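See structure below.
The values are calculated or read from the model by the stated rules, or taken from the named source; none is laboratory data. Quantities reported herein were computed from a predicted structural model and do not represent experimental measurements. Here Cβ is always computed from backbone atoms with ideal geometry, including for glycine, and neighbour counts include all displayed protein chains. Ligands, DNA and RNA are stripped out before the accessible areas are found, and what is left, the full protein with its side chains, is counted by its heavy atoms. Shrake-Rupley method; radii C 1.70, N 1.55, O 1.52, S 1.80 Å.
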Amino acid sequence: MRKSTSSRSLLTGLLLTTAVACGDAEPSQPEVPNEVPADPLCDPTITVPTGLCARVYHPGVGAARQLAVASNGDVFVAVRNRGNQRGGVVALRDFDGDGRADQTESWGDNGGSGIALGDGVLYFATDNAVLRYSIAPGSLTPAGAPETIVDGLPSDRNHASKSIARHPDGSVFVGIGSPSNACQAIPRTPGAAGKNPCRELETRAGIWRFSTDQVGQTQADGERFASGVRNAGAIAVHPGSGELYAVIHGRDQLRQLWPAFFSDPDGSEKPSEEFGVIRQGADFGWPYCFHDPANNRKVLAPEYGGDGVEVGLCADMDMPAIGLPAHWAPNAMAFSASESFPEPYRNGAFVAFHGSWNRSPFQAGYNVVWIPFEGDAPTGDWSIFADGFAGGQITSSNQADNRPTGVAVGPDGSVYVSDSLRGKIWKIVAG
């Protein structure tokens, strides 16, 4: 089903008043000084580093998720199904270069979250499949119906959405989240033990790799590339090294389910959202282990006999390069490799954080973070790049005005950010 529009929405007078979003957790290095730009085209609710401007590229495309930007600057947005509204792909084009979309094309028969561009093709991940559309260079719409690369992916219960990343060799990585919080015998029950072994790991809580030379595959045709990954909502391939990176959602409800071991502050600040390289055969330890940011180590989960201190078998699990703040909910990542964008944002990764219900009332996140690299490796530092999306201090995720869900980098280095609530798209530009 296809819908086309060509118009510009006048946003003057509709922008919200200036606000700075909450920040309960501090980055490991000082933040780059932020300012609210005076440029009338800049959204005054979004704070960005000095010299940059966050423009509203589109006022709303629906339940927007991840983004991809073509070499000519066209923007493709994955849109989920929501209620009676069917999702799909929304393609956007800015004809006159003013940082706002002039043309909108909507197509696809089912909603999804993951999206990636290849040479003349677009990959789109629904909750249970990866589709490939043929798209001619410079076109906003596909040439026809999609091919199904893989179908029948598990999508029951939690973490149904799929993230995808395309490798230069043509294969595609698919993040498949866990169906539960901690693989308990009775889900989300105080004091309930975890299932041992956790059979959920056989088809969930990992990253799979599929060849794109073959259509009609099932999950069994793919390679389980990494395991113990609770939910890799944000994955991307580094453009230099070709290595896969991810930001992994940590588990929920430490304080609610195990109050004897974890205080209210512990529950809000633990465990880390784990950023790091994902190599073949990696095991990040879910559900048996989680990363404790206070000590920078993996500790045994209470469902498996842990007390918040014991390490046990977790000493052998893969570690993140950076432990990012708990319950910020990383949902997308994009590498910057453009010499046209100002320093220090030319070599590193942007991560979009959606915010989480499990951090209430100590809410934080709802921002875009910058993780600098030196050469092909992260430095270990990070800072908040764009903030203010939530609309001010909030105590619950349902109070947020906007929730960043997708992030992508354009050919000129500009950073695009999507919002899952109204589908607003921002373009952060220099000047």
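Using the per-residue mean of other Cβ atoms lying within 10 Å as a proxy for protection, in what order, highest first, do the peptides 177-190, 154-167 fall? Could the numbers behind the result be given before it?
Values: 177-190: 17.9, 154-167: 19.9.
Top to bottom by mean Cβ count within 10 Å: 154-167, 177-190.
Place a +1 charge on the Cβ of each Lys and Arg in region 274-334 and a -1 charge on the Cβ of each Asp and Glu, then give the dipole magnitude about the Cα centre in debye, rounded to the nearest 20. List each step's numbers first, then the result.
On the way: 3 positive and 8 negative charges, 44 e Å.
Rounded to the nearest 20 debye, it is 220 debye.
Which percent of the accessible area of region 302-348 is formed by carbon and sulfur heavy atoms (probe 1.4 angstrom)?
Carbon plus sulfur share of accessible area: 50 percent.
Please work out the C-alpha center-to-center distance from region 215-273 to region 86-155 and express it in whole Å.
25 Å
Under 5 Å between amide hydrogens, which residues at least 5 positions from Glu243 or on another chain qualify, with H placed 1.01 Å from N in the peptide plane?
Answer set, sorted by chain and number: His238.
So if I take the centroid of the Cα atoms in region 301-334 and the same for region 382-424, what is the distance between those two points in Å?
Region 301-334 and region 382-424 have Cα centres separated by 25 Å.
Can you run phi through the Karplus equation (6.51, -1.76, 1.60; θ = phi - 60°) for region 337-351 and list ³J(HN,Hα) in whole Hz, with x for Gly and Pro?
Taking θ as phi minus 60°, the curve returns 9, 9, 7, 7, 8, x, 5, x, 9, 9, 9, x, 10, 9, 10 Hz for region 337-351.
Suppose all protein chains stay in the model; what accessible area per residue would a 1.4 Å probe give for region 106-206, in Å²? Please list the in-between numbers first.
Numbers: 3770 Å² over 101 residues.
Counting only protein heavy atoms, the per-residue value for region 106-206 is 37 Å².
List the residues, sorted by chain then number, that are 5 or more residues from Gly112 or on another chain and whose placed amide H is less than 5 Å from its amide H.
Amide H to amide H, under 5 Å and 5 or more residues apart or across chains, Gly112 pairs with Val79, Arg80, Asn81, Gly88.
Near the amide H of Asp283, under 5 Å away, which other amide H atoms are found, from residues 5 or more places off or on another chain, if H is placed in the peptide plane?
Residues meeting the amide H criterion: Ser227, Asp318.
Indicate the gyration tensor shape class of the chain (rounded, prolate or oblate), computed on the Cα atoms with a ≥ b ≥ c the square roots of the eigenvalues: a/c under 1.5 is rounded; otherwise a/b larger than b/c is prolate and the rest oblate. Spell out each step's value before the answer.
On the way: a/c = 1.66, a/b = 1.25, b/c = 1.34.
Since a/c reaches 1.5 but b/c is at least a/b, the shape of the chain is classed as oblate.
Spelling out what I want: for every residue of region 284-290, take phi, set θ = phi - 60°, compute 6.51 cos²θ - 1.76 cosθ + 1.60 (Karplus), and round to whole Hz; glycine and proline get x.
8, x, 5, x, 6, 9, 9
How about Lys298: which lysines have a C-alpha closer than 17 Å to its C-alpha, ignoring those fewer than 8 places off in the same chain?
Lys270
Test of understanding: extend the Cα→C-beta vector of Asn296 to 7 Å, then name every residue of region 370-400 with backbone N under 18 Å from that spot.
371-374, 377-383
Using alpha-carbon pairs under 8 Å, 6+ residues apart, how would you state the relative contact order of region 102-254 in percent?
Working: 337 pairs, mean separation 27.8, N = 153.
About 18 percent, as a whole number.
For region 98-250, with all protein chains present and a 1.4 Å probe, just round the carbon and sulfur fraction of the accessible area to a whole percent. Show your work: numbers first, answer last.
On the way: 2530 of 5400 Å².
For region 98-250, the apolar C and S fraction of the accessible surface comes to 47 percent.
Kindly report the accessible area of region 336-431 per residue (heavy atoms of protein chains, probe 1.4 Å, no ligands, DNA or RNA), in Å². Present the calculation step by step, with values, prior to reporting the outcome.
Working: 2880 Å² over 96 residues.
So region 336-431 comes to 30 Å² accessible per residue, rounded to a whole number.
How high is the relative contact order of the chain, given as a whole-number percent (alpha carbon pairs under 8 Å, six or more residues apart)?
Normalised by residue count, the contact order of the chain is 17 percent.
Is the C-alpha gyration tensor of region 295-391 telling us rounded, prolate or oblate? Criteria: a/c under 1.5 is rounded; beyond that, a/b larger than b/c is prolate, otherwise oblate.
oblate
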